[in-house]
Amino acid sequence: MTEAGRPNLFGLPPGVDFPAAFLTGLETRLGPRPEDWARTEIWVNTQRMRRRLQELLQAGPPRLWPRIRLVADLARHPILADLPPPVSALRRRLELARLVGRLLELEPDLAPRSSIYDLADSLALLMDEMQAEGVAPDAVQSLDVGDLSAHWARAQRFLGLVQTYLDPDPAARGGEGARQRLAAKRLTARWAETPPDHPVIVAGSTGSRGATAVFMAGVAQLPKGAVVLPGFDMDMPAETWAALDDALAAEDHPQYRFRRLLDVLDAGPEAVRPWCPDAAPPSPARNRLVSLALRPAPVTDQWMDEGPALDDLAGATADLSLIEAPSPRAEALAIALCLREAVEAGRTAALITPDRTLTRQVAAALDRWAILPDDSAGQPLPLSPPGRFLRQVAALFGRRLTVADLLALLKHPLTASGVGVRARHLLWTRELELALRREGPAFPDAAALRAWATRRDDGRADWAEWLAGALGGLDRAGTVSLEAHVSRHLELAETLAAGPGATGSGALWLEAAGEVALVTCEALRTEAGAGGEMSPADYSALFDGVLQEREVRSPVEPHPGIMIWGTLEARVQGAERVILAGLNEGSWPETPAPDPWLNRQMRAAIGLLLPERRIGLAAHDFQQAIAAPEVVLSRAVRDAEAQTVPARWLNRLTNLLGGLGDQGGPRALDAMRARGDRWLEMANALERPRHMLPAAPRPSPCPPVEDRPAELSVTAVERLIRDPYSVYAERILGLRPLDPLIHTADAPLRGTVLHRVLERFLAQPLNPDPVAARDELLTLADTVLADEAPWPAARTLWRARLARVADSFVRSEATRQAEARCIARERRGAVALASGFILKAKADRIDARPDGSLVLYDYKTGTPPSVKSMELFDKQLLLEACIAARGGFEGIAAAPVHHVSYLGLGNPPKTVTHGLENGLVDATWAELGRLIAHYQDRAQGYTARSRLQKRTDRSDYDLLSRYGEWDETDGAVRLEVGG
């Protein structure tokens with residue numbers, strides 16, 4: 001491998017199966033002697049690369065294996081056993097979080113307090129990067145920020161405070177980055193003095209990190225050393241290599257990392273020799289096309305010069321497909337079909353994308369065919385069952401417990417997962433949910449849980465006591481030490497997971513995800529001493545961030561031929577079909593995260609990596625992957641919010657092809673899209689239902705007469721007129737809408753609360769002073785709102801609404817009391833028709849006039865119905881007048897009704913009064929008799945949405961009647977039911 005005068009640099013072009021070609025080239029150089037293989041030391045960049053090499057070696061021929069190590073484990077080399085251990089990354093993060101917290105206390109405008117741990121993470125990454133790149137600790141302080149904003153000057157001052165963490169001696173405060181660089185320097189220095197007598201090879205790394213680049217440069221200069229670069233562009237001309245000299249302009253180019261390594265070795269691109277001359281890429285023509293498309297932006301004029309020289313574009317793109325899906329869901333399903341076809345054909349296929357949401361969607365789509373892909377990234381720990389459970393428990397502290405949070409926790413599969421307790425737990429959870437939906441309170445506490453348990457003696461008391469004891473006192477705020485937070489959090493989690501009367505921790509720490517969660521939590525417990533004091537909200541944010549750093553591998557054996565890889569693993573190759581998905585800006589490449597400490601100019605000045613480094617690495621991975629034997633390029637043209645922008649590399653490729661008209665570029669591009677459209681058509685066909693059921697007719701069910709209601713309230717009679725089907729569903733089928741899970745400050749509740757305010761206000765004599773009466777009304781409203789409306793914003797809005805109408809209400813109330821005397825509020829009444837049918841009501845208010853006649857009022861927080869609507873549809877007050885005229889209200893003798901009124905409390909306030917002229921009360925009573933008799937006919941059906949006021953009105957039973965499959969223009973279809 002040695003050649004005098006130049007470093008031992010080798011390369012393999014994009015698209016070559018790197019592990020297979022590497023071993024082929026190694027066999028050419030080592031020969032058949034087994035001892036030579038056994039003495040060879042190989043350093044690779046990923047665990048997957050090592051596994052692939054081991055799989056190829058295992059496939060034969062039989063031989064002694066070389067030692068295959070990971071570059072990330074460089075500091076663990078046996079001859080570097082004296083290296084100091086690194087500082088715990090978690091401990092460093094906790095210590096930095098304390099410093100950042102103090103900084104935000106002094107300068108709160110720097111960032112919100114919720115970002116403490118994100119800032120601590122970014123600061124820890126910056127420090128580790130400075131140590132790995134060999135940037136001196138005082139380099140930041142030497143920067144001239146005079147022409148920059150005050151934010152950067154403030155960041156510079158703060159970085160000076162943490163300079164002790166950047167001590168040049170890694171034994172002091174060194175993290176993994178510092179230890180890795182120190183290991184690279186010590187090892188290469190030792191090898192430079194005493195070169196190894198065995199081959200040392202670095203294979204598959206681009207040298208993107210400073211410590212790795214130092215190691216690669218040292219190995220390349222060893223007599224028996226070699227560096228084999230993955231995806232080295234053999235087609236890029238010298239002038240393009242020369243254009244990569246400016247990091248600010250070229251760091252996002254896929255070959256920039258190699259140019260930087262060559263500069264370190266004082267060599268040019270010609271120094272990189274083919275590692276395996278016989279290893280040809282699947283499509284050299286495609287490699288040339290992609291190489292030209294990805295030229296640095298300042299030299300894209302080379303498209304005009306070199307583009308016409310490209311030939312056989314049809315052949316170069318013959319195995320390329322382009323999926324431009326209308327949505328992420330369609331993209332995921334099309335990709336799943338690509339993978340499924342590979343399974344049926346017995347071929348290997350790999351999905352490569354950094355978009356983890358897309359990979360989860362694809363995995364879910366594959367599940368319909370029972371295909372479990374081999375996902376290299378695994379599942380994020382926060383999304384696993386124990387991760388979700390622990391996050392839910394952590395979020396309980398320091399705030400009032402809501403119904404939604406309580407039920408989400410109780411229904412989690414790990415809650416009460418101890419032996420023999422889960423079934424009863426689910427039963428009582430169901431009963432508690434129904435009670436909380438129906439009656440509240442909005443914030444259930446220990447007292448509410450115990451009160452619920454006393455309603456029945458059926459065994460729920462022990463369960464409620466266990467739950468009340470576990471959740472009591474969680475709303476206490478205040479700062480405590482991190483040790484206290486962790487201890488209280490894990491103790492509560494284990495108590496809830498075990499269940500009532502059970503010991504241990506249930507299934508919380510079981511299986512792969514539980515084991516990873518336990519290791520993570522114990523690590524946090526171990527390092528908690530460095531965390532200081534924090535609030536419950538800060539602890540919850542910290543715990544979420546700690547979980548984000550861990551993944552869980554599924555214990556189920558995945559399909560051996562279907563892989564999901566990250567972009568870094570594109571270098572491993574080995575798949576016959578490769579799908580590059582999520583090719584949109586912001587996804588691939590990902591948008592660089594903002595650096596709150598150093599801007600782009602400051603990073604360049606001190607020699608740190610620019611944000612474009614990640615884009616350049618992603619570009620290199622793209623160039624590697626697109627050179628595979630068969631490639632599917634995929635993107636969604638629109639996400640949930642807006643149109644997407646295609647990835648810059650895909651955009652360049654399509655633009656270049658579109659401009660090569662003389663060589664057939666547009667035709668080749670159309671053919672790529674046509675092949676992609678085939679997958680989209682298959683996805684559409686898969687989603688399209690095979691058999692369309694006929695649309696449901698507009699129902700008008702006709703139950704037996706004996707099953708029809710024998711009594712109705714006045715409001716139900718209104719519904720019988722407007723929407724008879726709702727009466728059928730509620731009174732005959734016994735179906736009632738479930739109370740909302742979260743009690744919100746909605747219009748019905750506002751009406752109930754304001755009714756209660758007026759009821760209590762009118763229970764006392766009206767103050768003759770209008771101003772004093774108004775103040776009394778609003779004071780009473782404050783009391784009722786405090787008791788009935790636990791939402792500060794709603795209380796404020798509702799009080800303001802009442803205040804706007806208070807003066808008008810007080811004035812009109814004085815007039816009403818001068819004309820009549822209030823004799824009943826919220827009074828129940830009932831009266832029977834000749835047929836025996838009973839009409840019931842609950843009147844808001846009944847007044848008696850001096851002449852003995854009655855006045856009925858109803859309070860409306862919305863818009864009151866018009867007089868015409870009262871006569872035709874909204875008959876509530878007219879029917880109450882019928883009851884009053886017949887002495888149906890408790891304690892009130894029969895008397896004529898002078899008039900009825902709706903008192904509107906909206907803005908502006910509006911009163912609608914009906915004088916009941918021309919015997920309207922008797923006419924309404926007779927009309928009611930005819931209506932009820934009408935529904936005593938077996939042939940009369942309860943038609944859905946018969947006379948709703950507006951088509952936009954919604955009924956609780958629209959889903960049951962399958963409204964939407966029919967509309968109001970359809971005729972009702974009688975349906976004989978029962979009997």
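State which residue pairs qualify: first residue over 18 Å from Val631 (Cβ atoms) and inside the range 10-26, second residue surrounded by fewer than 22 Cβ atoms within 10 Å (Cβ to Cβ) and charged (D, E, K, R) in any location, beta carbons under 9 Å apart, and separation of 6 or more residues or different chains. Here the result reads Phe10/Arg273; Gly11/Arg273; Pro19/Glu55; Ala21/Asp278; Thr24/Asp278; Gly25/Asp278, each pair linking the range 10-26 to a residue that is surrounded by fewer than 22 Cβ atoms within 10 Å (Cβ to Cβ) and charged (D, E, K, R). Exactly one residue among Leu547, Leu610, Leu617 is in a loop (DSSP other than H, G, I, E, B) and either of a type outside the set (Gly, Ala, Ser) or surrounded by fewer than 19 Cβ atoms within 10 Å (Cβ to Cβ) (or both), and that residue is Leu610.
The residues listed here are Leu53, Leu57, Leu64, Leu26; of these, the one that is among the aliphatic types (A, V, I, L, M), more than 45 Å from the chain's Cα centre (by Cα) and buried (at least 18 other Cβ atoms within 10 Å of the Cβ) is Leu26. The single condition among (1) outside any helix (DSSP H, G or I); (2) out of contact with any Lys or Arg (no Cβ under 9 Å at 6 or more places or on another chain) that Pro85 does not satisfy is (2).
Kindly check whether there is at least one residue in the range 869-883 that is under 53 Å from the mean Cα position of the chain (by Cα), more than 27 Å from Leu833 (Cα to Cα) and of a type in the set (Gly, Ala, Ser). Within the range 869-883, none of the residues are under 53 Å from the mean Cα position of the chain (by Cα), more than 27 Å from Leu833 (Cα to Cα) and of a type in the set (Gly, Ala, Ser). Just checking, does the range 340-349 include any residue being of a type outside the set (Val, Ile, Thr), within 29 Å of Arg50 (Cβ to Cβ) and touching a helix residue (DSSP H, G or I) at 6+ places or on another chain (Cβ under 6 Å)? Checked the range 340-349: at least one residue is of a type outside the set (Val, Ile, Thr), within 29 Å of Arg50 (Cβ to Cβ) and touching a helix residue (DSSP H, G or I) at 6+ places or on another chain (Cβ under 6 Å).
Considering the conditions (1) crowded, with 16+ Cβ neighbours inside 10 Å; (2) assigned to a helix (DSSP H, G or I); (3) acidic (Asp, Glu), Glu344 is excluded by exactly one of them, (1). Counting only residues that are closer than 19 Å to Glu55 by Cβ, within 27 Å of the chain's Cα centre (by Cα) and not in a loop (DSSP other than H, G, I, E, B), the range 551-582 holds 7 of them.
When Thr952 is tested against (1) of a type in the set (S, T, N, Q); (2) surrounded by fewer than 17 Cβ atoms within 10 Å (Cβ to Cβ); (3) farther than 26 Å from Gly862 by Cα, just one condition goes unmet, and that condition is (3).
Of everything in the range 520-544, what is more than 25 Å from the chain's Cα centre (by Cα), surrounded by fewer than 17 Cβ atoms within 10 Å (Cβ to Cβ) and not small (Gly, Ala, Ser)? Give them in sequence order. The answer is Glu522, Arg525, Thr526, Glu533.
Each residue in the range 631-689 was checked for being of a type in the set (S, T, N, Q) and more than 28 Å from the chain's Cα centre (by Cα), and 4 of them qualify. Leu123 - would you say it is among the hydrophobic types (A, V, I, L, M, F, W, C), under 20 Å from Gly531 (Cβ atoms), surrounded by 20 or more Cβ atoms within 10 Å (Cβ to Cβ) and at pLDDT below 85? Yes; evaluated as a whole, the condition is true for this residue.
Within the range 466-476, is there a residue that is crowded, with 21+ Cβ neighbours inside 10 Å, modelled with pLDDT of 90 or more and within 26 Å of Glu551 (Cα to Cα)? No, the range 466-476 contains no residue that is crowded, with 21+ Cβ neighbours inside 10 Å, modelled with pLDDT of 90 or more and within 26 Å of Glu551 (Cα to Cα). Counting only helices (runs of 4 or more DSSP H) wholly contained in the range 382-440, the ones carrying 1 or more residues that are hydrophobic (A, V, I, L, M, F, W, C) and touching a Phe, Trp or Tyr at 6+ places or on another chain (Cβ under 6 Å) occupy 385-394, 422-439.
A single member of Glu590, Glu585 is in contact with a Lys or Arg (Cβ under 8 Å, 6 or more places away or on another chain), at pLDDT 85 or above and either among the hydroxyl-bearing types (Ser, Thr, Tyr) or outside the structural domain of Leu159 (by TED's automatic domain parsing) (or both), and it is Glu585.
A quick yes/no check of all residues on (1) aromatic (Phe, Trp, Tyr); (2) surrounded by 13 or more Cβ atoms within 10 Å (Cβ to Cβ); (3) at positive phi:
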residue: Pro748; (1), (2), (3): no, no, no
residue: Leu766; (1), (2), (3): no, yes, no
residue: Ala781; (1), (2), (3): no, yes, no
residue: Arg795; (1), (2), (3): no, yes, no
residue: Val810; (1), (2), (3): no, yes, no
residue: Ala814; (1), (2), (3): no, yes, no
residue: Glu826; (1), (2), (3): no, no, yes
residue: Ser835; (1), (2), (3): no, no, no
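So that you can scan it fast, the table gives a plain yes or no per residue for (1) closer than 21 Å to Lys910 by Cβ; (2) touching a Lys or Arg at 6+ places or on another chain (Cβ under 9 Å):
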| site | (1), (2) |
| --- | --- |
| Leu758 | yes, yes |
| Thr783 | no, yes |
| Arg799 | yes, no |
| Leu802 | yes, no |
| Asp807 | yes, yes |
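The values are calculated or read from the model by the stated rules, or taken from the named source; none is laboratory data. Note that the structure is a prediction, hence the values are computed from the model and not measured. A quick note on method: Cβ atoms are made from the backbone with ideal geometry, for glycine too, and the neighbour counts reach across all protein chains shown.
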